[in-house]
1. Count the lysine pairs in the chain that are 8 or more places apart or on different chains: how many have C-alpha atoms under 12 angstrom apart?
2. Let me know the charge dipole size of the chain about its Cα centre in debye, to the nearest 20, where only the beta-carbon of Lys, Arg (+1) and Asp, Glu (-1) is charged.
3. Over the chain, one equal point on each Cα, no solvent: what is log10 I(q)/I(0) by the Debye formula at q = 0.17, 0.21, 0.28 Å⁻¹?
4. For the chain, what is the accessible area per residue in Å² when the probe is 1.4 Å?
5. Using only helices, what value at 222 nm comes out for the chain when you add -39,500 (n - 2.57) per DSSP H run of length 4 or more and divide by the total residues, to the nearest 500 deg cm²/dmol?
Amino acid sequence: MEVYSKYNINDTVWVVSRNKVIQQKIQGIEITATTHMRDIEYTFIGGGKLPEDRVFKTKQELIDSL
């Protein structure tokens with residue numbers, strides 16, 4: 001099985017944190033995979049962790065998802 005993430009370490013992405021839209025830099029990627037599911041979470045420089053579906057390439061993509 002091959003698992004690919006949308007983003008890479010050191011990518012700058014957009015997230016919602018404490019009800020604010022902010023940019024974060026990805027520090028790490030945690031992947032959990034079984035035969036029935038895959039879960040990708042990103043950790044950020046300065047702290048915090050979010051699943052892949054709550055991380056966006058652009059501010060507009062994040063706004064459109066709301």
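1. For the chain, qualifying lysine pairs total 4.
2. Working: 9 positive and 9 negative charges, 69 e Å.
Using Cβ point charges on Lys, Arg, Asp and Glu, the chain gives about 320 debye.
3. Result of the Debye calculation: -0.58, -0.84, -1.27.
4. With the other protein chains kept in place, the chain gives 74 Å² per residue.
5. Numbers: 1 runs with 7 residues, N = 66.
Computed ellipticity for the chain at 222 nm equals -2500 deg cm²/dmol.
The values are calculated or read from the model by the stated rules, or taken from the named source; none is laboratory data. Just so we're clear, the structure is a prediction, and the values are computed from it rather than from any experiment. Counting neighbours? That spans all protein chains shown, and the Cβs are built from the backbone with ideal geometry, glycine included. We work out accessible area using only protein heavy atoms, side chains counted, and drop any ligands, DNA or RNA first. Shrake-Rupley method; radii C 1.70, N 1.55, O 1.52, S 1.80 Å.
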